[in-house]
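Asker: After the structure tokens below, expect a handful of questions from me.
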Amino acid sequence: MGTMETNPVSRVSTSDERRADVIVEAAGRLFFGSGFARVSMDDLARELGMSKKTIYRHFPDKRSLLAAVLDRQFAAVERTLEAATEEAEGRPFGVRVQRFLIAVGSELGRIGAPQLATGRGDAMLRQYVEQRVDAVVYRRLDELFREGHRQGLLPAPPELLSEITRGALERLLMSELPRDLDWTAADLLRATVDTVLYGAIRPTGQGINDEQPRAVIPTARDDDQEMGP
């Protein structure tokens, strides 16, 4: 995986490491709250109550600081996805996919990854975020769909399901649809996953109350409901 090219940061003492952590935490709040391009190093220095010289001693430039912020955020995303995967271990395949994607949607929406990856600005930044999302999220999703295909649970090509789900996830995270429908983004993602896995069209001749796999319109939380192909 490629990395953002930044100026090297020299080794620091334990005290300096703690200060660097404080800088990264504050930078993350500002970058994700106001937008990376809108936040200057002067803004960050005021937020921290320290001089720019102190910040530059730890992070030679703004891009180095953003790389540190993103590294921390994606490490947190990875821990969340690993926990979601472990918690769903042994559950029906549909539940495992659903839990994983809901965790993905929540984490990527929280750090604004789709906007960072597709927005205007630094091309290297966009590439960096795309690479991290691919490594942390989509490679796991691809393997999950390949596993379902190997088990005979998914007749459709896993590559197709991955592509459809990627597009739906990224589009929903940037869409006004949750507000328009008065649903949460997580609810829409749940319905999207059900539609991808089970289809959206009722077979001709079936009654509306006939039991069948179908897309679920979310009402109450039903994360624990077992889902079968």
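Asker: Determine whether segment 27-36 contains at least one residue that is surrounded by fewer than 18 Cβ atoms within 10 Å (Cβ to Cβ) and modelled with pLDDT of 90 or more.
Answerer: Checking segment 27-36: not a single residue is surrounded by fewer than 18 Cβ atoms within 10 Å (Cβ to Cβ) and modelled with pLDDT of 90 or more.
Asker: Here's a follow-up. Look through 99, 120 and report the one residue that is open to solvent by 20 Å² or more (accessible area, probe 1.4 Å), at pLDDT below 90 and in contact with a Ser or Thr (Cβ under 9 Å, 6 or more places away or on another chain).
Answerer: 99
Asker: In segment 143-162, is there at least one residue being within 18 Å of residue 189 (Cβ to Cβ) and surrounded by fewer than 17 Cβ atoms within 10 Å (Cβ to Cβ)?
Answerer: no
The values are calculated or read from the model by the stated rules, or taken from the named source; none is laboratory data. Predicted model only: the values in this text are computed from it and were never measured. Here the Cβ is made from the backbone with ideal geometry for all residues, glycine too, and neighbour counts use every protein chain on show. The area values use the complete protein model at the heavy-atom level, side chains included, leaving out ligands, DNA and RNA. Shrake-Rupley method; radii C 1.70, N 1.55, O 1.52, S 1.80 Å.
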